[in-house]
Amino acid sequence: MIDVVTKKLAFCHLWVAFGAFLLACFMGEYQVLERSGFIPAIESPSVYFASVSTHGVLMAFVLTTFFIMGFGYVVATTSLKQPIWNPQWAWAGFGISSFGTVLAAIPLLTGKASVLYTFYPPIIGHWMFYVGATLLIVGSWLWCVIMIMMMREWKQANPGAPVPLAMFATAGNALLWLWTSAGVALEVLFQLIPMALGWMDTLDPGLARTLFAWTLHPIVYFWLIPAYTAFYVLVPKQAGGYLFSDEIARAAFVVLIVFALPIGFHHLYMDPEQAKGWKLLHGVGTFVVSLPTFITGFSVIASLEIAGRLRGGKGLFGWIGSLPWRNPMVLSVILALLMLILGGFGGLVNASYAMNAMIHNTAWVPGHFHLIFAGTTVIMYFAIAYYLWPIMAGKPLFSKDMALVQLWTWFIGMTILTTPWHVLGLLGQPRRISGVEYNSLLTLAWDPYELAMIFGGLVMLGSACLFVYNLAMTHRSQEVFEGEIEYAEPIHPVTDLPEYLNDFTLWNKVIAGLMALSFGVPILQFFFMKTFGSSAWGF
Amino acid sequence: MHIDPLEKKWAYAAVGIAGLFVGIILIDALFHGINAPSNVETIDSASLHLSEEFDEDNLGVQVDESGTITIRMVAGRYGFYPKHITVPADTSLTFRWVSMDVLHGVHMPMTNMSTMIVPGYVAQVTTTLPKPGEYPLLCNEYCGIGHDHMWSNVSVVAKEHWTAPGKAPSKGGQDND
Ligand code: HEM
Ligand SMILES: [Cu+2]
Ligand SMILES: [Cu+2]
């Protein structure tokens with residue numbers, strides 16, 4: 001049973017997340033139209049960059065953070081069977097994050113903070129944007145504390161027992177987010193806000209980029225962990241089978257959390273302010289963090305195979321056909337894996353130290369992260385929402401068929417949108433341009449791809465509308481639905497778990513060590529070198 | 001703790017795949033000198049015209065006594081200066097980039113001439129351009145509302161048809177201001 005407080009909290013968080021998502025999808029479609037240059041009447045760089053800044057912030061910070069918090073409260077109370085630790089804190093967190101979102105939205109929507117979601121100085125936007133973004137993060141820190149406290153309380157009440165896998169992953173993600181957000185928090189508090197308010201005359205853009213890179217990699221794992229959590233703890237049950245291995249799942253989460261952090265310099269491969277040895281070190285770490293994804297892919301496919309065979313599937317591939325393809329969660333995971341395979345290939349190119357030069361900051365990059373973030377990650381957010389809504393609302397999903405159509409169209413639209421986007425990158429198109437002004441023959445080849453992107457975006461926008469409509473209509477149903485969240489059982493029940501797979505105290509220390517190793521000197525160098533600050537610029 | 005033998009095999013395979021990539025990257029970096037631009041060299045972006053190296057007269061293509069070709073370029077909203085340069089194909093070229101204002105990035109499509117240009121730092125890239133032709137240099141990091149308009153041109157000509165530009169006057173040319 002999900003208690004009333006948790007339901008309320010979860011619905012509030014998830015509606016903020018999906019409201020932001022829908023609004024941002026409209027902006028996304030406007031962007032592909034505007035940048036194509038096919039409709040001269042809507043050409044406007046200032047509107048375009050205000051829109052991309054808002055779209056990026058809504059998708060990368062608002063959708064994700066609110067979704068993760070809302071889902072986290074549900075996981076914590078249902079897997080631990082324990083009420084929320086300090087619900088007032090939870091509401092305070094929600095309030096602070098929501099207030100921050102509104103504060104940031106005002107300058108974004110009025111074109112006073114067209115600094116994109118990465119806000120690289122020395123371009124400086126309106127101070128309200130930075131303060132709002134900070135509050136959004138500060139609110140989420142309260143959620144982190146609640147998750148960690150709940151895991152600790154449960155462990156005290158159940159000494160020696162294995163923490164449920166779902167909660168192990170969620171508390172790990174909370175710890176990851178505390179570490180992750182520290183980098184950007186330092187940048188915003190000590191550089192951007194003082195600069196935006198005029199308290200400081202200059203800042204070092206090299207230091208700012210280094211601090212931002214601290215956050216920029218692990219943040220994608222913060223977004224991804226709920227999807228992986230669903231892979232391990234929800235999918236096997238929905239498919240009608242068992243989790244392949246509980247222990248290996250824990251090990252995968254640990255490696256993901258520990259190694260996501262000290263590797264952010266793969267975002268700085270092309271930067272002059274860090275030396276190649278550090279880049280190489282972070283580059284090697286980047287491949288270490290690909291390991292848990294390999295393992296996760298294996299585990300999920302193995303769990304699905306067990307389910308398929310239990311349902312009567314025979315032969316090498318026969319089990320695939322006998323999976324319940326009409327279960328939204330199962331369909332989502334299949335589509336998510338397909339996008340993960342395509343996106344993972346692109347990721348290997350990005351991560352490869354020298355190949356990166358070919359695609360760095362080209363259209364390839366947004367093509368890649370739409371595929372893996374808006375694709376793999378967000379399709380699992382959809383799946384989780386479809387699963388939670390009837391249970392939490394106590395009413396059946398408005399339309400299961402609509403949900404299936406929605407998931408397929410998201411996948412198809414995504415393929416149509418991102419394939420040409422990758423090609424444009426290989427053809428040399430930079431990312432983040434509002435139109436093609438280069439007087440070069442080279443650009444003639446770009447047009448057909450832009451057209452395909454408009455179409456793909458339209459399919460996705462339609463899909464996004466169906467998603468939100470389906471959830472909204474579910475609330476209005478008169479029927480009653482009774483169900484509980486069912487977590488998958490592992491084939492082999494966990495009995496004696498080593499403490500390092502049941503707790504994060506040790507890993508927290510390992511992270512501290514690795515962060516000191518990989519970021520210590522690269523940050524301190526700015527205080528030892530003779531550097532020259534930059535003054536603030538508008539945009 | 002229970003680990004399925006099949007899963008163990010897969011884990012070894014995954015480590016092998018990642019190890020292969022790491023190996024290739026390390027060998028390239030350590031033995032073939034294939035590295036990203038990383039010279040960690042600072043400069044005062046606010047007074048480039050007073051710096052000797054990036055004084056206006058000194059920009060563009062230069063060949064020193066030993067025949068090394070260095071190309072000094074300034075990025076500023078919204079262009080790369082000088083707006084047009086001519087360089088030889090199949091020859092090692094060292095580009096030195098600085099910004100006079102905000103963050104920019106630059107790449108030449110279809111080549112690996114790519115770097116971020118961070119104010120306060122000199123970004124250096126050494127590469128060879130195998131194919132003669134007309135190439136644009138495109139700004140690839142958002143640098144303001146005019147970002148779309150930030151580009152300039154490079155003519156890459158066959159080695160035999162390229163002549164070194166005359167040595168720039170040593171000092172005393174006009175300044176930006
Ligand atoms: C209707 C679907 C969508 C369309 C058509 C779309 C389209 C776009 C376009 C055209 C850009 C600008 C890229 C550039 O200027 O280089 C963009 C940026 C971005 N999109 Fe989407 N998008 C969609 C959905 C999503 C979703 C679901 C997410 C993530 C959950 C997402 C995350 C982002 C982010 C973070 C940026 C900022 C990139 C930057 O600042 O460079 N988008 N999108
Ligand atoms: Cu990254
Ligand atoms: Cu620029």
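Bear in mind these aren't lab numbers, they're just calculated from the coordinates by the rules spelled out. Because the structure is predicted, anything quoted here is derived from the model rather than measured. Because the Cβ atoms are built from the backbone with ideal geometry, glycine has one as well, and the counts that use them run over all protein chains shown.
Miscellaneous remarks
- Computed over region A:1-139, the Cα gyration tensor eigenvalues convert (square root of 5λ each) into semi-axes of 34, 17, 10 Å, ordered from largest to smallest.
- Lysines with Cα under 30 Å of A:Lys530, excluding same-chain neighbours fewer than 8 positions away: A:Lys276, A:Lys279, B:Lys171
- Each Lys and Arg adds +1 at its Cβ and each Asp and Glu adds -1 at its Cβ; summed about the Cα centre, region B:58-103 shows a dipole of about 240 debye.
- With the simple model of a label 7 Å out from the Cα in the direction of the Cβ, B:His49 to A:Leu316 spans 7.1 nm.
- Here A:Lys8 is the anchor, and the lysines within straight C-alpha reach of less than 19 Å, apart from those fewer than 8 places off in the same chain, are A:Lys81, A:Lys395.
- Ellipsoid equivalent to region A:281-404 - semi-axes via the Cα gyration tensor, in Å: 32, 20, 12
- Candidate cross-link partners of A:Lys400 among the lysines, defined by an alpha-carbon separation under 20 Å and a same-chain spacing of 8 or more, comprise A:Lys237.
- Short-range pairs are left out: with C-alpha atoms under 8 Å and at least six residues apart, the relative contact order of chain A is 19 percent.
- Shielding by partners for peptide A:517-530, expressed as the average number of C-beta atoms from other protein chains within 10 Å of each residue's C-beta, is 1.
- Of the chymotrypsin sites (Phe, Trp or Tyr not before Pro) found in region A:116-213, the ones in coil according to DSSP and having at most 11 other Cβ atoms within 10 Å of their Cβ are A:Trp199.
- Debye-sum result for the protein assembly as shown in log10 I(q)/I(0), which assumes one identical scatterer on each alpha carbon, at q = 0.07, 0.12 Å⁻¹: -0.49, -1.40
- Between B:Val15 and B:His149, the modelled label-to-label distance comes to 5.7 nm, taking each label 7 Å out from Cα in the direction of the beta carbon.
- Size of chain B: Rg and Dmax of its alpha carbons, in Å, are 20.8, 77.
- Applying 1/(1 + (r/R0)^6) with R0 = 30 Å to the Cβ-Cβ distance of B:Glu134 and B:Glu160 gives a FRET efficiency near 0.95.
- Computed FRET value (nearest 0.05) for A:Glu153 with A:Phe455, which takes r as the C-beta separation and R₀ as 41 Å: 0.20
- A:Asp447/A:Ser535 FRET efficiency (R0 45 Å; Cβ-Cβ; nearest 0.05): 0.70
- Residues of region B:140-155 with amide N under 17 Å of a point placed 7 Å along Cα→Cβ from B:Thr127: B:140-141, B:151-155
- Looking at region B:1-99, the trypsin sites (Lys or Arg not before Pro) that sit in a DSSP loop and have at most 16 other Cβ atoms within 10 Å of their own Cβ are B:Lys83.
- Magnitude of the charge dipole, region A:4-527, Cβ model with Lys/Arg +1 and Asp/Glu -1, debye to 20: 500 debye
- Descending principal axes extents, region B:121-160, alpha-carbon based, whole Å: 41, 23, 10
- Think of chain A as a dipole: +1 on every Lys or Arg Cβ, -1 on every Asp or Glu Cβ, centred on the Cα centre; then among A:Gln82, A:Ala161, A:Phe369, A:Ala161 lies furthest on the positive end.
- Each residue of region A:253-262 was assigned a 3J(HN,Hα) from its phi angle through the Karplus expression (A = 6.51, B = -1.76, C = 1.60, θ = phi - 60°), giving 4, 4, 5, 4, 6, 5, 8, 5, 7, x Hz with x at Gly and Pro.
- Kirkwood-Stokes translational diffusion coefficient of region A:126-206, alpha-carbon pairs, 25 °C, 0.890 mPa s, µm²/s: 166 µm²/s
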